[in-house]
1. Work from the charge dipole of chain A (Cβ charges, +1 for Lys and Arg, -1 for Asp and Glu, about the Cα centre) and give the residue of A:ALA151, A:ASN220, A:CYS13 farthest towards its positive end.
2. Given the C-alpha atoms of the protein assembly as shown, compute the convex hull and give its volume per residue in Å³.
3. Which entries in the list B:LYS20/B:LYS268; A:LYS84/A:LYS129; A:LYS11/A:LYS268; B:LYS37/B:LYS268; A:LYS7/A:LYS140 go over 18 Å, if you measure between the two C-alpha atoms of each?
4. Mind ordering A:89-101, B:251-263 by average Cβ neighbours within 10 Å, highest first?
5. Could you give the size of the charge dipole of the protein assembly as shown about its Cα centre, using +1 on the Cβ of each K and R and -1 on the Cβ of each D and E, expressed in debye and rounded to the nearest 20?
6. Mind grabbing the base-10 log of I(q)/I(0) for region A:168-275 at q = 0.15, 0.21, 0.22, 0.23 Å⁻¹? Debye formula, identical points on the C-alpha positions, no solvent, two decimal places.
7. Please report the relative contact order for chain A, taking Cα pairs under 8 Å with a sequence separation of at least 6, and give it as a percent rounded to a whole number.
8. Buried by at least 30 Å² relative to the chain on its own: which residues of region B:187-215 qualify, computing accessible area with a 1.4 Å probe on protein heavy atoms?
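The values are calculated or read from the model by the stated rules, or taken from the named source; none is laboratory data. Predicted model only: the values in this text are computed from it and were never measured. Cβ sites come from the backbone with ideal geometry, for glycine too, and all protein chains shown count toward neighbours. SASA here: full protein model, heavy atoms, side chains in, ligands and nucleic acids out. Shrake-Rupley method; radii C 1.70, N 1.55, O 1.52, S 1.80 Å.
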2 protein chains.
Amino acid sequence: MSLKPIKDLSKLCIHTITTKSWSIEEAAENYERVGVKGISVWRQYLEGRNIAETGDRLRKHGLDVVSLVRGGFFPSVSSGQRQKAITDNLRAVDEAAALGAPMIVLVCGADPGQSLEVSRAQIQEGIEKVLPYAIDHGVKLAIEPLHPMYADTRSAVNTMKQANDMAEAIGSDHVGVAADVYHLWWDPDLKNEIQRCGRNGNLFAFHICDWISPTVDLLNDRGLMGEGCIDIPGIRAWVEEAGFDGFNEVEIFSDRLWATDQREFLDKIVESYYQC
Amino acid sequence: MSLKPIKDLSKLCIHTITTKSWSIEEAAENYERVGVKGISVWRQYLEGRNIAETGDRLRKHGLDVVSLVRGGFFPSVSSGQRQKAITDNLRAVDEAAALGAPMIVLVCGADPGQSLEVSRAQIQEGIEKVLPYAIDHGVKLAIEPLHPMYADTRSAVNTMKQANDMAEAIGSDHVGVAADVYHLWWDPDLKNEIQRCGRNGNLFAFHICDWISPTVDLLNDRGLMGEGCIDIPGIRAWVEEAGFDGFNEVEIFSDRLWATDQREFLDKIVESYYQC
């Protein structure tokens, strides 16, 4: 592997949910202050704002808007709910376009009342319904495979292979994959599937954090890079060998870290980023 | 699929950990009372007992001793720890032989301080070191693939494919696989890998419980069969089509269910078993 060490922050992006208690304005100021160059915006941070002006403000802070998070949640046993999901995803496209975000990350969804196969079919159908509108607005859609522990309600797409399969079945240059080390690190096929993803032009995003031991909560106990057991440099090497040259997006949900001073937490993110 | 409905309790086995607060003597009496025919014994329930006499007592209650749980935990960054694991697994073979258990379930282990590949190599090495002693004592070893959420510390074997690969690499009729729906239900390759496992004579055990939504604890929030989203009848059909005709082993870890009256819980196990 030809891993290049992290030398600067030019590819560091942070998800606004990572510094959960900060407004998007506070996040932008602080990210700029420490030299972060990218921001991925969770939709709740846009509430009550003029979205286009918010996008301009982020760029004035020297931040690339990397993605809008999150669309998806397509499957349901209820056709009414599935239609609501389509409507919500169309609205997400509007928001991404207004913000100037080139991409929406899709947490695809799952309904425990039906099989994963049915949920996956509904995911593909949902993406295909939203896709023309996304293309019209210049917004890409990134399927994020989620860890199998989220297969009941959050995503029926649980491996890079499944995400690749779906992106290739849809076959649009506006549909690809967001690879997150937290969800994928355990997968023995990960290297091959990352290579395949890059080869097909589908590797749209790369998310980082760490898996700590013990993990005490299924949702909100992720670690800072280096705190856990994920070989982040190894996976980053695969991703870069597959042709990816976008941002390394820090996405950490952690009750433990959210309870700390967020400026100190941000310093730790930067420090640990150099170990990736 | 040619699923045969559950008609009686002749293939119902319960793991002693399921009715956690009961001693093995209480478990045996109660299991017999409701018509359970098999028991899988967690090693801590043998502490302070004459193991051979305990095995006889279980059989007098009309219970087949299906397996001893658990061996494994082979990997470690420390060679001393790895040697300790071998010693412990040899002792487990002694216990299984004394109890009259034909099989030990292996929770293979993982060490977050090293890669999953290294942990898997140490697992295979550990099994191969224990195997001659197991063969001498007529005890089989069942590799249990664990859910990927346990890949950090509990098992570097996380799919049926990996368990099949390892069992086939070892190539002994005394090494096979224990398939647990809780760990495997999400896997899109599950049907094929169960077929492969049966075809190669490696399908040694079948464990059941359910995945509930939301799951609030990584370890101890499993559900009764039917409480969750796992298609247990569907997976049972695959297992039986693959030639398995052993016990359906109920293995539930649940703080919620452990806090209830264990006789009522046992009644619910029997009731829900008919839905499998």
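1. So the residue furthest toward the plus end is A:CYS13.
2. Value for the protein assembly as shown: 153 Å³ per residue.
3. As for pairs spanning more than 18 Å Cα to Cα, those are A:LYS7/A:LYS140.
4. Details: A:89-101: 20.5, B:251-263: 17.0.
Per-residue mean Cβ counts within 10 Å order the peptides as A:89-101, B:251-263.
5. Approximately 260 debye in magnitude.
6. These q points yield log10 I(q)/I(0) values of -0.66, -1.10, -1.17, -1.24.
7. On the way: 558 pairs, mean separation 53.8, N = 276.
Taking the mean separation of contacting Cα pairs over the length of chain A, I get 19 percent.
8. Residues shielded by partner chains are B:PRO188, B:TRP211, B:SER213.
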